[in-house]
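J.: Here it is, the structure, as structure tokens.
The values are calculated or read from the model by the stated rules, or taken from the named source; none is laboratory data. Source: prediction; values computed, not measured. Backbone-built Cβ (ideal geometry, glycine too); neighbour counts: all protein chains shown.
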Amino acid sequence: MLKKRKKQDRLTFASRGKATTVDLYSPQGLDLVSRLWVKLSAQYKLMYEGSWMGIPIIQFPEDICMMQELIWKVRPDVIVECGIAHGGSLVFYASLLELLGKGHVIGVDVEIRQHNRVAITNHMMSHRIELIEGSSVSPEVIRQVKKKIQGAKTVLVVLDSNHSAEHVLRELALYSDMVTPGSYLVAMDGAQAWVWDIPRGKSSWKKDNPLIAIKKFLAKDDRFVMDEHYTRLKITSNPNGYLRRLNPEEVA
């Protein structure tokens, strides 16, 4: 039988003249350590280290795991991703749809660099990927996306482009109608609000980040609720970002 610890292991974190002390093995300790790990990971750009099937994927492993759970649960016919960078996330989502035996991914980016386009279009998962170049909030891009999702029974949307509060709020407004009941609207990189004070951070992130947009959006749109199930691993770039669209009976 394990002996009960007589003296708790304590953790003290001091920043800007303030100190916080918690029991290391308490829920508060877990929250503090995980938040610090997100800060350190952002400082050292650890989310840039991974790749998926040969293509760089700029996500925490924990978020990759959670998106896998989400996609397997929802089984979407279409995944729309705004902001594709190198295309690793597109390939990741496409590979899951390949396992499901259906569906395709629509990638939207204001600029798709030629070397990234070549890597994506030549990839073995390219048959499940479509690319649209243009601003995610432009009328023309919205028109194209809506046309491409026509007839889809289940649509999931991922927002991972410009992370300013204004832009994310605009995306939330424009793409929320595309999300089918029971599916999700995932607003990524709300952790920008957590890392504004790291050495490579920007002070503007403190008051300009996706979390502000998410809060405003949820206050006005009662069709969506925040689902904390997909941030339960604590290490995440997407706090408060997994938004489930309610079914009609839930809204009623």
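J.: Looking at (1) in contact with a Leu (Cβ under 6 Å, 6 or more places away or on another chain); (2) in a loop (DSSP other than H, G, I, E, B); (3) closer than 19 Å to Asn238 by Cα, can you tell me which one Ile58 breaks?
T.: Every listed condition holds for Ile58 apart from (1).
J.: Evaluate the following for Ile71: is it under 17 Å from the mean Cα position of the chain (by Cα), buried (at least 20 other Cβ atoms within 10 Å of the Cβ), assigned by TED's automatic domain parsing to the domain that holds Thr154 and outside any loop (DSSP other than H, G, I, E, B)? Let's see the steps before the verdict.
T.: Numbers: under 17 Å from the mean Cα position of the chain (by Cα): yes; buried (at least 20 other Cβ atoms within 10 Å of the Cβ): yes; assigned by TED's automatic domain parsing to the domain that holds Thr154: yes; outside any loop (DSSP other than H, G, I, E, B): yes.
When the stated conditions are applied, Ile71 passes them.
J.: Pairs please, first residue from segment 194-208 and farther than 18 Å from Leu40 by Cβ, second anywhere and not in a helix (DSSP H, G or I), Cβ atoms under 8 Å, 6+ apart in sequence or on different chains.
T.: Ser203/Trp196; Ser203/Asp197; Ser204/Trp196; Lys206/Trp196; Lys206/Asp197; Asp208/Ser164
J.: Let me ask something else about it. Report yes if Gly182 is in contact (Cβ under 8 Å) with a residue 24 or more places away in the chain and surrounded by 16 or more Cβ atoms within 10 Å (Cβ to Cβ), otherwise no.
T.: Here the answer is no, as Gly182 does not meet what is asked.
J.: Here is a follow-up. Only one of Asp177, Asp109 is within 20 Å of the chain's Cα centre (by Cα), crowded, with 18+ Cβ neighbours inside 10 Å and charged (D, E, K, R). Can you tell me which?
T.: Asp109
J.: Tell me, yes or no, whether segment 111-123 has at least one residue that is small (Gly, Ala, Ser), assigned by TED's automatic domain parsing to the domain that holds Val179 and either in contact (Cβ under 8 Å) with a residue 60 or more places away in the chain or farther than 18 Å from Ser51 by Cα (or both). Quick ask: steps written out before the conclusion?
T.: To start, the set of residues in segment 111-123 that are small (Gly, Ala, Ser) comprises 119.
Now drop any that are not assigned by TED's automatic domain parsing to the domain that holds Val179, which leaves 119.
Now narrow it down to the ones that are either in contact (Cβ under 8 Å) with a residue 60 or more places away in the chain or farther than 18 Å from Ser51 by Cα (or both): 119.
Yes, segment 111-123 contains at least one residue that is small (Gly, Ala, Ser), assigned by TED's automatic domain parsing to the domain that holds Val179 and either in contact (Cβ under 8 Å) with a residue 60 or more places away in the chain or farther than 18 Å from Ser51 by Cα (or both).
J.: Follow-up question, since we're still on this one. Provide a single number: the residues in segment 209-246 that are loosely packed, with under 13 Cβ neighbours inside 10 Å and either under 22 Å from Leu40 (Cβ atoms) or in contact (Cβ under 8 Å) with a residue 60 or more places away in the chain (or both).
T.: So the answer is 1.
J.: Among the residues of segment 35-55, what is the count of those that are in contact (Cβ under 8 Å) with a residue 40 or more places away in the chain, in a helix (DSSP H, G or I) and within 17 Å of the chain's Cα centre (by Cα)?
T.: The number of residues fulfilling the criteria is 6.
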